[in-house]
Amino acid sequence: MEEINNLMHGFSVALTLPNIVYMLVGITLGVLIGVLPGLGGANGIAILLPLTFTMNPTSAIIMLSCIYWGALFGGAITSILFNIPGEPWSVATTFDGYPMAQQGKAAQALTAAFTSSFVGALFAVVLITFLAPLLAKFALKFGPAEFFAVQLLTFCSFVGMSKEPPAKVIAAMMLGFALAAVGMDTVTGQLRMTYGVTDLLKGFDFLIAVIGLFGIGEILLTMEEGLAFKGKSARINARVVLQTWRELPRYWLTFLRSTAIGCWMGITPGGATPASFMSYGVAQRMSKDPQSFGKGQIEGVLAPETAAHAAGTSALLPMLTLGIPGSPTAAVLLGGLLIWGLQPGPMLFIEQKDFVWGLIASMYLGNIVGLLVVLTTVPFWAAILRSPFSVIAPVIVVICAIGAYTVHSSMFDVVMMMVFGVVGYLFKKLKYPLAPLVLALVLGDMAEASFRQSMLLSQGSLSIFWSNWLVGGIAGLAVLMLLSPVLGTARRLLKERENAA
């Protein structure tokens, strides 16, 4: 009952005229970001984050989170109409969405995608509403050792659950830790790795890195590939929407299964992209007609979109309650909270109730608004994509440069943005993941501070990390996640040996 009362209070915070306007602006910008290849949820928020520095934190987080919801919705438009994933998590949607568009069923595919996205997000927000306060109360028992164990679990989970080779994930993460260490040591006041460059005294701002890695890096790669937009036009009307909605309840089990997969992958640092692929694969295996997948099966659109939205939304749960982001976009939002002077974690629910519950209430409202916006504006977004990419790309680069410059009003940041853009391009070409680098860059300082505080409390003894059941359990789980690729390889080799024998 307390959660319901707090949620009602959150609606009173979110349903003010300025916040409603920010919500609409955020959804519209988010759909545009999701539609345009080369941008993305994390990068779009990173570019626009500097514009929120003078805003009220509640209004700022509402607008930024609505950009995220809009980007999640918008990625499906290009996937279905043009066979171009606007977002990484929309790749699985192309498998059946584009064939449906080629068969003249683009409107049905888009309606199914938007509706399933709404359903997945709604379930995840309900989970956040009732689980976040409990998790926050439990997290009040955490000290420096427990926080470091949770951060260690996050890093190890990225290594253990990533589809990329563990060596590449660790290499990307190590680079992120090195970049996070540049600047002034907050404990001793000593300078680290500045090499006499005064602009490096403040270290590498995660915002500059994210804009370069995601935005400029993706633009460079897209320019190299010579992207051209070709696809089907689509017009959604009320009759098509109602017909599709009448058909969707038949797939209630797919909705439940995909939501469960998405929420799990969001709370753990799996992310929306693995969740969408996993959900698609499970739906195909559990289907009565698996051969129809990849040929225009509507269930092949429902499963990845539901899971992607559930994962993208539930990733905010560990970020709010523990200060541990479950996705790159959540990591960018975490950086925004720190810039606004808010410390994510259990005390946030006690000290900033208006902020937390206003954000949770805006998640309900933002997804409803997002569903209505995308259903009514699909032809407009499709028309934008008919603009030459040679026009769109420079506009995106200029927006990135403005976003980077406004962080510290420094041209050095713009130069570093371009450097990070080249790094992002090389990472993508070499198939190195960017998410672990961003995670380490954001959490590196916090993990270091927690570790050093733990060492001070234990007088240098590592035994503090198994001094009680809580920290020992989390640290043990972290080690298990880290070793899971090794255990998986050993199990596979053992099975191959048995088969050979």
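The values are calculated or read from the model by the stated rules, or taken from the named source; none is laboratory data. Nothing here was measured: the structure is a model prediction, and the numbers come from that model. So basically every Cβ, Gly included, is an ideal-geometry build from the backbone, and we count neighbours across all protein chains shown.
Brief remarks follow.
- Residue match in region 484-498 (condition: in contact with a helix residue (DSSP H, G or I) (Cβ under 9 Å, 6 or more places away or on another chain) and surrounded by 19 or more Cβ atoms within 10 Å (Cβ to Cβ)): no
Condition check ((1) at pLDDT below 85; (2) surrounded by fewer than 24 Cβ atoms within 10 Å (Cβ to Cβ); (3) within 20 Å of residue 294 (Cα to Cα)) across all residues:
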position: 72; (1), (2), (3): yes, no, no
position: 90; (1), (2), (3): yes, no, yes
position: 102; (1), (2), (3): yes, yes, yes
position: 113; (1), (2), (3): no, no, yes
position: 136; (1), (2), (3): yes, yes, no
position: 162; (1), (2), (3): yes, yes, no
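- Exclusive hit being within 17 Å of residue 156 (Cβ to Cβ) and in contact (Cβ under 8 Å) with a residue 40 or more places away in the chain, set 482, 487, 462, 434: 482
- When residue 31 is tested against (1) closer than 23 Å to residue 278 by Cβ; (2) at pLDDT 75 or above, just one condition goes unmet, and that condition is (1).
- Looking at 374, 301, 332, just one residue is assigned to a helix (DSSP H, G or I), crowded, with 24+ Cβ neighbours inside 10 Å and at pLDDT below 80, and that residue is 332.
- Considering region 207-259, the residues that are surrounded by fewer than 20 Cβ atoms within 10 Å (Cβ to Cβ), assigned to a helix (DSSP H, G or I) and among the charged types (D, E, K, R) include one that is modelled with the lowest pLDDT, namely 225.
- If you go through region 423-457 and keep only what is under 19 Å from residue 333 (Cα atoms) and either charged (D, E, K, R) or under 17 Å from the mean Cα position of the chain (by Cα) (or both), you end up with 434, 435, 436, 437, 438, 439, 440, 441, 442, 443, 445.
- For region 166-201, filtered to residues that are surrounded by 14 or more Cβ atoms within 10 Å (Cβ to Cβ) and in a loop (DSSP other than H, G, I, E, B), the residue that is modelled with the lowest pLDDT is 194.
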